[in-house]
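Have a look at the structure below, then the notes.
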């Protein structure tokens with residue numbers, strides 16, 4: 001019988017390279033093909049607008065929008081906030097303040113200069129007019145997600161911030177409403193699924209269209225965003241959550257076990273991987289995970305995730321782990337050593353890095369400030385966490401006078417002619433006099 | 001009989017609002033649905049690798065890769081560069097130098113600070129490891145596109161820059177190879193279509209995978225990029241080119257006509273729109289376009305574009321045009337007035353703005369410095385031109401000590417518990433001691 005527990009790898013084993021490659025290439029994302037169903041929903045919402053949204057909401061959420069109301073008004077969000085237990089309200093407000101402060105540093109600077117050829121060159125950033133944030137109902141209805149998606153939009157300067165959230169059987173999550181109040185969400189609609197994303201992108205009689213849609217969701221929501229990419233801007237396609245912990249033997253095994261379980265409890269498809277250079281420590285962490293699992297309320301999900309996707313990888317020295325970490329390009333990376341700087345300097349691909357023994361990943365999920373919407377599934381190779389930039393766009397600009405055009409215009413004429421575009425050439429040449 | 005020529009609108013006409021809305025909503029993008037064919041190609045290249053690429057290249061490009069060679073080596077690019085007529089070479093090199101200088105200013109700054117709670121917070125930018133640039137064959141094989149896609153990647157610090165370009169019947173465009181040499185492209189493969197994008201994204205035995213794919217292409221290439229978004233990063237989905245010119249009556253009508261035609265000659269689906277406050281000037285520009293068209297080598301394309309998609313819109317004053325321009329969110333916007341600043345200050349949505357009478361859009365296509373890969377089809381509402389950022393990604397990082405965790409950790413514990421994620425809470429709580 002296969003013993004319960006995660007995969008154990010040792011970099012000194014002859015089969016290691018192959019086993020690690022299998023781990024890197026393992027797909028944990030759903031292959032459920034909902035693309036045709038989603039395409040049909042998008043088409044219907046585009047053609048029929050509110051009527052389609054109401055019908056689909058009735059069918060999927062068991063909720064009659066026309067009876068119970070389409071919107072949750074600002075007063076209801078404010079009431080939810082006022083009804084929070086004070087320490088929880090303080091925690092949400094601390095989180096919002098810190099997230100706002102971190103994201104304020106992301107606001108890009110405009111540029112405007114005149115170069116040595118006398119050409120004025122610049123770039124100007126502006127917020128999009130309107131953004132939509134998707135907030136799932138049910139198990140994944142997290143107020144922290146509301147803050148992490150909505151605050152960057154408001155810091156960017158988005159004037160109209162719309163939240164959509166399904167309320168199956170009419171049930172509303174007061175924490176989500178309270179977070180919307182804190183974050184400054186301007187409209188809340190009780191809709192979800194692909195139909196909500198379509199309503200945001202195309203607009204309906206009731207719901208004005210937005211320019212960007214962000215936020216987590218199930219396979220239907222993710223596919224709707226993918227199909228509507230280009231009609232609106234979207235954040236990155238998200239997959240199952242993951243953590244890589246690089247730890248030496250000087251850590252408390254119980255702490256590292258807790259960190260690994262904090263990802264494992266998200267979803268059965270989540271992944272937690274430990275790299276260590278200490279075999280005895282590896283065993284101690286494995287034992288601590290087993291022990292903590294037995295006491296964990298979320299043990300069903302966490303155990304499935306840990307046994308199916310977890311891994312403990314023994315390396316000869318921690319520096320040897322870093323190229324392997326780069327191949328995983330993890331969403332979250334903890335460097336649990338006394339001096340993390342040398343290891344951190346080696347990291348090329350990771351969504352977010354947590355430095356030292358006192359920086360558990362979960363502190364970043366809630367209150368530290370950086371965004372918790374991060375690239376998963378090796379996408380940190382090419383993409384970044386959600387930021388203020390996702391809600392802004394850059395307009396470049398140019399200004400020439402006759403002298404400047406005299407200096408660089410002839411080269412433009414030569415290139416346009418070489419490319420077989422005579423009207424391009426002529427628009428410059430007529431001004432060269 | 002419908003007179004030949006573009007649509008003429010007058011903002012004082014009672015039907016103006018409706019006619020303008022129709023113009024804004026008009027779709028010029030192909031509705032050709034190639035998604036199923038493209039999906040089949042991607043699946044085949046993923047499964048069969050080089051063999052599929054060779055077979056599809058033979059079928060679509062009439063070119064046998066195994067006989068004529070898969071790659072064009074650096075020496076061939078260098079030879080193409082050395083064979084250029086000297087003034088053309090100088091023009092390409094001036095363009096490259098100016099594009100490099102402009103994009104160097106886009107390199108984002110890292111951040112690293114300790115806030116008042118004692119939390120170290122930061123962000124670190126790194127280039128992607130490898131990027132692929134798609135360069136079309138045939139009519140749209142533009143050396144300027146090579147520079148505009150490749151140089152930002154190199155400025156970002158991309159170590160491996162791969163170009164793919166189809167060579168139907170084996171024909172190579174020497175200008176494209178020369179541009180690749182100037183831009184520092186590291187590999188050139190003689191492949192195109194959806195199969196080339198798939199090879200870049202998935203990798204094959206011959207071609208190592210890349211992390212980002214950019215560059216223009218036909219409907220198949222665009223759909224392949226859309227379907228592979230998430231496997232790799234991509235630049236924005238591109239549509240037909242467009243220009244909006246806002247001009248007063250003090251301009252030379254021939255200059256403005258030339259500017260409108262410089263977009264019209266790109267493609268029958270391109271769009272050129274003039275806003276002016278001077279009816280006589282509007283007539284003069286229309287006449288100048290007609291006259292210039294008769295002498296234009298590209299008159300077939302330009303005439304079709306101008307008659308089908310062009311528009312001349314009369315407004316009472318130019319400031320009145322600006323909210324209308326925002327609704328179009330044009331790729332290119334010329335403000336051809338003596339003092340463009342007040343109008344420019346009103347612009348929210350445009351890919352690139354060309355200020356004053358001496359800044360024809362075409363100078364930006366080639367030599368000014370800003371990127372000519374810009375959002376089309378109203379996407380300037382939410383997206384930006386190609387930049388160094390498209391080839392980089394940001395890793396956020398955090399470091400706390402016991403004191404800092406003591407200050408903000410309890411709030412994380414409270415929020416994790418409220419969200420029903422006890423392992424998250426525990427990973428912080430165990431460290432609070």
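The figures follow:
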quantity: Highest-MSF residue in chain B out of B:153, B:311, B:208 [GNM, Cα springs under 10 Å]; calculated: B:208
quantity: Antiparallel bridges, percent of DSSP beta bridges restricted to the protein assembly as shown (to nearest 5); calculated: 25 percent
quantity: Binned Cα-Cα distance frequencies in the stretch B:62-142 - 5 Å width, integer %; calculated: 3, 8, 8, 15, 17, 12, 10, 8, 5, 5, 4, 3, 1, 0
quantity: Teacher prompt: residue B:295 distances to equivalent labels in other copies, 7 Å Cα→Cβ, nm; calculated: 8.8
quantity: Debye intensity ratio I(q)/I(0), log10, chain B, q values 0.07 Å⁻¹ (C-alpha model); calculated: -0.44
quantity: GNM top mover of A:409, A:184, A:15 - chain A, alpha-carbon springs below 10 Å; calculated: A:409
quantity: Within a Gaussian network of chain A (alpha carbon springs, distance under 10 Å), most fluctuating of A:79, A:395, A:57; calculated: A:395
quantity: Distances in nm from residue A:10 to the matching label points in the other copies, shortest first (labels 7 Å along Cα to Cβ); calculated: 8.9
quantity: Kirkwood Rh in Å, taken over the stretch B:355-425 so that all alpha-carbon pairs contribute; calculated: 17.4 Å
quantity: Tensor-based shape of the stretch B:35-234 (alpha-carbon gyration tensor, a/c under 1.5 rounded, otherwise prolate or oblate); calculated: oblate
quantity: For peptides A:286-295, A:398-407, B:243-252, sequence by mean Cβ density within 10 Å, most packed first; calculated: B:243-252, A:398-407, A:286-295
quantity: Evaluated at q = 0.12, 0.17, 0.19, 0.27 Å⁻¹: base-10 log I(q)/I(0), Debye formula over Cα of the stretch A:49-99; calculated: -0.48, -0.69, -0.73, -0.95
quantity: The stretch A:355-386 and the stretch A:48-95: distance between their alpha carbon centers, rounded to Å; calculated: 28 Å
quantity: 10 Å Cβ neighbours from other chains, averaged over peptide B:379-389; calculated: 6
quantity: Sites residue B:401 and residue B:107 - FRET efficiency at Förster radius 25 Å, r taken between beta-carbons, to 0.05; calculated: 0.20
quantity: FRET efficiency, residue A:345 to residue B:280 (Cβ-Cβ, R0 51 Å, nearest 0.05); calculated: 0.15
quantity: P(r) weight above 49 Å for the protein assembly as shown, C-alpha pairs, percent; calculated: 22 percent
quantity: Burial ordering of A:266, A:424, fewest other beta-carbon atoms within 10 Å first; calculated: A:266, A:424
quantity: Relative contact order [Cα under 8 Å, 6+ residues apart], chain A, whole percent; calculated: 20 percent
quantity: Order of A:316, B:417 under a 10 Å beta carbon neighbour criterion, fewest first; calculated: A:316, B:417
quantity: Globularity index of the stretch A:239-381, i.e. its alpha-carbon radius of gyration over 2.2 N^0.38 Å; calculated: 0.94
quantity: Other-copy label distances relative to residue B:169, 7 angstrom Cα-Cβ extension, nm; calculated: 6.9
quantity: Inter-chain Cβ neighbour average for residues B:291-297, partner chain, 10 Å; calculated: 2
quantity: The stretch B:1-144, Cα convex hull volume normalised per residue, Å³; calculated: 384 Å³
quantity: Mean ellipticity per residue at 222 nm, deg cm²/dmol - from DSSP H runs of n ≥ 4 across chain B, formula -39500 (n - 2.57); calculated: -14000 deg cm²/dmol
quantity: Residue mean of other protein chain beta carbons inside 10 Å, A:117-126; calculated: 5
quantity: Zero-based 10 Å bins, Cα pair distances in the stretch B:170-271, whole percents; calculated: 13, 30, 31, 17, 9, 2, 0
quantity: Point-to-point label distance, residue A:40-residue B:22, nm (Cα→Cβ direction, 7 Å offset); calculated: 3.4 nm
quantity: Cα centroid separation, the stretch B:203-227 to the stretch B:256-284 (Å); calculated: 34 Å
quantity: Cα-based Kirkwood hydrodynamic radius, the stretch A:317-362, one decimal, Å; calculated: 10.5 Å
quantity: Between the stretch A:120-171 and the stretch B:111-164, the alpha-carbon center distance in angstrom; calculated: 27 Å
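No value in this document is a laboratory result; all are computed from the given coordinates. Everything quoted here is computed from the prediction, not taken from an experiment. Neighbour counts run over all protein chains shown; Cβ positions are idealised from the backbone, glycine included.
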